[in-house]
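Structure first, commentary second.
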Amino acid sequence: MKTLRRVLVLLVLAGLLLAGVFYQRPLWVMRQGVHFGLFLHRVQSNYVMLPEGRVHYYEAESRIPGGGIPLVLIHGLGDEDESWAPMLVRLKRAGFHVYAPDLLGYGRSPQPGDSDYSISTEEQFVADFIQAIGLQRPDVGGWSMGGWIVLKLALDHPEIVNRVVVYDSAGITFQLGGGDQIFHPTDAAQMQHLADVMEPEAKPLPGFVQRAALRRFQQEQWVIDRSLASMRTGKDLLDTRLGDLTEPLLIVWGGVDDLIPLSAGERMHALDPSSELDILSGCGHLTPKTCPDRAAAVTVDFLKENPAPVGGTYTLSKLH
């Protein structure tokens, strides 16, 4: 009986300790949970040397003979490769060999002080990554700013990529939701506002999570500001170029995206009429993270279909 009581006391103390750690460092704890989940699904955490330095990436290799269809996924502004976790697992199961690097300046990749972190700079970074991994014309996917990067890569270097998928993508002229300062939060309330715009149907963040998110955001603020400053010059906008894209293009969009409105996705589709536009109803800007089943399903269908689908707009309701 005494032994059981001691075990219970130890369990209670351990629980209190974990709760304290979570309260002090909630994002770190959640990230460790993501890392562990990817480890259980045999998704590897790797590094590769690029001209820019030592770069972190996740690699999810299918068990099918040959390792699966190569696919490179690029995250967005202020984000990191962990955000692709739900998609990595699903795409691996579907027969893809997926690579998801941290962009220059983000996650566990280098943060050179002299970089402008522009779309062109990140485009070269992705091209360097593809070459360093030794891939031959992989499919590429990009989310938000990452979509802009892979679209520009496909336009500038069509010999590097095969098919292209973008999720709630930047890259053409549009009216940013949430105000001009949405990516420059200075307090917990503004951090919550950013979260609400990113995913309008999500529950409010607890106060301690708001504060932790704000601290982390502010650590990368200088990188984000440089990226935004470059974007605002308009030098990398693709409005006049998207119609020249020769690679098959899938445009995936959350139907309730308040950050980059659906009208931007519809205009992208109009600029490249041979593209396919898939609208995921009820999803916001974080479509690959919060609606991974539908996002992965349309991605798999598009990338595996031969010949590649041409044209069309489709709306996919919530899965039941």
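The values are calculated or read from the model by the stated rules, or taken from the named source; none is laboratory data. Small disclaimer: the values here were computed from a predicted structure and weren't measured. Positions of Cβ are generated from backbone atoms using ideal geometry, with glycine treated the same way; all protein chains shown enter the neighbour counts.
Checking the condition surrounded by 16 or more Cβ atoms within 10 Å (Cβ to Cβ), out of contact with any Phe, Trp or Tyr (no Cβ under 7 Å at 6 or more places or on another chain) and under 26 Å from LEU104 (Cα atoms), which residue from VAL252, VAL223, VAL164 passes?
The match here is VAL164.
So ASP187 passes all but one of these: (1) surrounded by fewer than 17 Cβ atoms within 10 Å (Cβ to Cβ); (2) touching a Phe, Trp or Tyr at 6+ places or on another chain (Cβ under 6 Å); (3) at pLDDT 85 or above. Which condition number does it fail?
(2)
Looking only at residues in the range 61-76 that are modelled with pLDDT of 95 or more and among the hydrophobic types (A, V, I, L, M, F, W, C), which one is surrounded by the fewest Cβ atoms within 10 Å (Cβ to Cβ)?
VAL72
So, in the range 273-297, how many residues would count as being buried (at least 23 other Cβ atoms within 10 Å of the Cβ) and either charged (D, E, K, R) or over 18 Å from the mean Cα position of the chain (by Cα) (or both)?
Number of matching residues: 3.
In the range 298-320, which residue that is assigned to a helix (DSSP H, G or I) and touching a residue at least 24 places away in the same chain (Cβ under 8 Å) is surrounded by the fewest Cβ atoms within 10 Å (Cβ to Cβ)?
Ranking the candidates gives LYS304 first.
Consider the range 233-279. How many of its residues are farther than 19 Å from GLU123 by Cβ and among the acidic types (Asp, Glu)?
Looking only at that region, the number is 5.
Condition test on PHE208, is it among the aromatic types (Phe, Trp, Tyr), in contact (Cβ under 8 Å) with a residue 60 or more places away in the chain and not in a helix (DSSP H, G or I)? So that I can check it myself, show each step before the final result.
Working: among the aromatic types (Phe, Trp, Tyr): yes; in contact (Cβ under 8 Å) with a residue 60 or more places away in the chain: yes; not in a helix (DSSP H, G or I): no.
No, not satisfied.
For (1) of a type in the set (Gly, Ala, Ser); (2) at pLDDT below 85; (3) closer than 21 Å to PRO261 by Cβ, each residue gets a yes or a no:
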site: ALA195; (1), (2), (3): yes, no, yes
site: GLU199; (1), (2), (3): no, no, yes
site: PHE208; (1), (2), (3): no, yes, no
site: ALA212; (1), (2), (3): yes, no, no
site: SER230; (1), (2), (3): yes, no, no
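Which of the residues spanning the range 165-224 are of a type in the set (Ser, Thr, Tyr) and more than 22 Å from SER281 (Cα to Cα)?
Listed by number, the residues that qualify are THR173, THR186.
Quick check: anything in the range 192-203 surrounded by fewer than 16 Cβ atoms within 10 Å (Cβ to Cβ), in contact with a helix residue (DSSP H, G or I) (Cβ under 8 Å, 6 or more places away or on another chain) and in contact (Cβ under 8 Å) with a residue 40 or more places away in the chain? Working first, answer last.
Taking the range 192-203 as the starting set, the residues that turn out to be surrounded by fewer than 16 Cβ atoms within 10 Å (Cβ to Cβ) are 201-203.
Of the ones still in play, those that are also in contact with a helix residue (DSSP H, G or I) (Cβ under 8 Å, 6 or more places away or on another chain) are 202.
Pick out the ones that are also in contact (Cβ under 8 Å) with a residue 40 or more places away in the chain and you get 202.
There is at least one residue in the range 192-203 that is surrounded by fewer than 16 Cβ atoms within 10 Å (Cβ to Cβ), in contact with a helix residue (DSSP H, G or I) (Cβ under 8 Å, 6 or more places away or on another chain) and in contact (Cβ under 8 Å) with a residue 40 or more places away in the chain.
Kindly indicate the residue of the range 7-55 that is closer than 15 Å to ALA100 by Cα and in a helix (DSSP H, G or I) and also modelled with the highest pLDDT among those meeting that condition.
LEU38
Determine, yes or no, whether LEU214 is on the phi < 0 side of the Ramachandran plot and either in contact with a strand residue (DSSP E or B) (Cβ under 8 Å, 6 or more places away or on another chain) or surrounded by fewer than 18 Cβ atoms within 10 Å (Cβ to Cβ) (or both).
no
For the range 192-205, how many residues are more than 19 Å from GLU80 (Cα to Cα) and part of a loop (DSSP other than H, G, I, E, B)?
Of the residues in that region, 6 qualify.
Go through the residues of the range 215-225 one by one and say whether even a single one is at pLDDT below 95, out of contact with any Asp or Glu (no Cβ under 7 Å at 6 or more places or on another chain), of a type in the set (Asp, Glu) and not in a helix (DSSP H, G or I).
Checking the range 215-225: at least one residue is at pLDDT below 95, out of contact with any Asp or Glu (no Cβ under 7 Å at 6 or more places or on another chain), of a type in the set (Asp, Glu) and not in a helix (DSSP H, G or I).
If only one of LEU88, LEU104 is in a loop (DSSP other than H, G, I, E, B) and modelled with pLDDT of 95 or more, which one is it?
Criteria check complete, one pass: LEU104.
Evaluate the following for GLU61: is it over 17 Å from the mean Cα position of the chain (by Cα), among the acidic types (Asp, Glu) and farther than 24 Å from THR287 by Cα?
On the way: over 17 Å from the mean Cα position of the chain (by Cα): yes; among the acidic types (Asp, Glu): yes; farther than 24 Å from THR287 by Cα: no.
Taking the combined requirement at face value, the residue does not satisfy it.
Of all residues in the range 262-283, which are assigned to a helix (DSSP H, G or I), of a type outside the set (D, E, K, R) and without any contact (Cβ under 8 Å) to a residue 60 or more places away in the chain?
LEU262, HIS269, ALA270
Considering only residues that are of a type outside the set (Lys, Arg), touching a residue at least 40 places away in the same chain (Cβ under 8 Å), farther than 16 Å from PHE96 by Cα and not in a loop (DSSP other than H, G, I, E, B), which ones fall in the range 148-177?
TRP148, ILE149, VAL150, LEU151, ALA154, LEU155, VAL166, TYR167
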